[in-house]
1. What FRET efficiency comes out for Asn305 versus Arg366 if R0 is 30 angstrom and r is the Cβ-Cβ distance? Round to the nearest 0.05.
2. As an exercise, find the ratio Rg/Rh for the range 283-402 from alpha-carbon atoms, using the Kirkwood inverse-distance average for Rh.
3. Exposed loop trypsin sites (Lys or Arg not before Pro) only (DSSP loop, at most 12 other Cβ atoms within 10 Å): please give the longest stretch of the chain free of them, not including the sites.
4. Based on the Cβ-Cβ distance from Asp174 to Gln4, what FRET efficiency comes out when R0 is 41 Å, to the nearest 0.05?
5. By how many degrees, between 0 and 90 and to the nearest 10, does the Cα long axis of helix 250-263 differ from the longest principal axis of the chain?
6. Would you kindly state the longest site-free stretch of the chain, with sites defined as chymotrypsin sites (Phe, Trp or Tyr not before Pro) in a DSSP loop (not H, G, I, E, B) surrounded by at most 15 other Cβ atoms within 10 Å?
7. Could you check how many percent of all C-alpha pairs in the chain are farther apart than 32 Å?
8. Report, to the nearest 10°, how far helix 301-314 tilts away from the longest principal axis of the Cα atoms in the chain, using its own Cα long axis and a range of 0 to 90°.
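The values are calculated or read from the model by the stated rules, or taken from the named source; none is laboratory data. Computed from a predicted structure; not experimentally measured. Heads up, the Cβs are rebuilt from the backbone with ideal geometry, glycines too, and the neighbour counts pull from every protein chain shown. Quick note on the areas: whole protein, heavy atoms, side chains included, nothing else; ligands and nucleic acids left out. Shrake-Rupley method; radii C 1.70, N 1.55, O 1.52, S 1.80 Å.
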Amino acid sequence: MNLQTFKAPTMAECLAEVKKVMGTDAVILHTRTYVIRQWLGFRRREMVEITAGRGLNNGARGGRRFAPAQPKYMEAPAQPKPMLAPPQQEIASANGHGVLSSPAGSTAIMVGLSNDVGKLTTMVTDLLGRVRMQQSPEIPEELFDDYMLLIENQVEKDLAADLIKGLHRTLRPDHLSQKQFVRDKIADQLEKLLPTSGPITRSKAFGPHVVALIGPTGVGKTTTIAKLAAKLQLEEKRKVGLITIDTYRIAAIDQLKKYADIIRSPLRVVGSAEDLREAVSSMSDCDFVLIDTAGRSPKDTLKLNELKTFLEAAGPDEVHLVLSTTVSRECAELAIERFADVRVDKLIFTKLDEARHVGNVLNVVRAVKKPLSYVTTGQDVPADIEVARGRRIAQLILGSEL
Ligand SMILES: Nc1nc2c(ncn2[C@@H]2O[C@H](COP(=O)(O)OP(=O)(O)OP(=O)(O)O)[C@@H](O)[C@H]2O)c(=O)[nH]1
Ligand SMILES: [Mg+2]
């Protein structure tokens, strides 16, 4: 076996040299491009290197023969499939060398093309980064990736920019390059922006602590009530009464009744503000009364006003606005605006398990200026609920898995 390495400024020249020295039986074993520096390192020049051999069995080493094998573009060794593979004839004519129309020549060119595509991808990514940097010139370069991570996770631009700039001012220069250190500091900052209320607790000596859950349709209010009731009743051994004012749908009543039966809690279904007041006082022996409400479209002013009247009659100790983590920022904003007129003391975020980005939680908490009480993480009752913790949400915003 006779192995030789050839070097030339272009693939075509290199292949021509291979053919001249080793003939058409030569098998190409390896190609690569590399950069050499000239003029004391000031000038860069690209070179192509081909290792070819003679006296090998065709195909035995995975190499490519000049002739007479059939073209097999897909056989290029372990390289990504080139996106811009030109037809073989075009390559040959463009380079003006017969050698390039041979299968091995094509393969080598494909390898070269793959390398070029790889380089192009890197260049485009680099370019995109630069464009983004130009669009946000105020963001320090060392922390630009961290800024982008926040943006990609839906944190509002202004907030992300303020946070990153603030951090840049306070961090020592040698810390800026320590990725984990920087991420921990960002998590610290996010945590400070995520106030939490802790779990529902009963502060009074007499009478039940009354909690109502309100929010748009289908966000998980009833499921969350069931989780809370089960936790309080089964784990904390507190007596829990349940009330629903969702009389519009039989299925909704059945849904809560099923949970009430399992945990052996009394359930009242009420249809008017007066009934609600009476139902709450009939549960005076309970430690907690949880009120489930029908989902309301934030656009339905009439129903929102009705909800307000109900809640005023019940006089709950706390009202939690339930929002799904999966909804768009616009939907969340509309819900916040409209439900704030009803009454909001705390926020619950559901469906964290389904959310692609969690930054919206931060935006909403800041807009509403109310603390987070719970987050829910799945459909299982009662397992999939957690008392909200700022650090945990911060880490989720920074891309941690649930
Ligand atoms: N993946 C996931 N699904 C949830 C979660 N919480 C609730 N769900 C599901 O969301 C759907 C709606 O839940 P409900 O509790 O009926 O929602 P609701 O807000 O009471 O709905 P309406 O009363 O119709 O307004 C159900 O299929 C629940 O199982 C959660 O944390 N994660
Ligand atoms: Mg419901």
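1. Result of the calculation: an efficiency of 0.65.
2. Computed over Cα atoms, the ratio is 0.98.
3. 73-203
4. 0.25
5. Value to nearest ten degrees: 80.
6. Result, exposed sites excluded: 43-205.
7. Everything past 32 Å amounts to 57 percent.
8. Once rounded, the angle reads 50 degrees.
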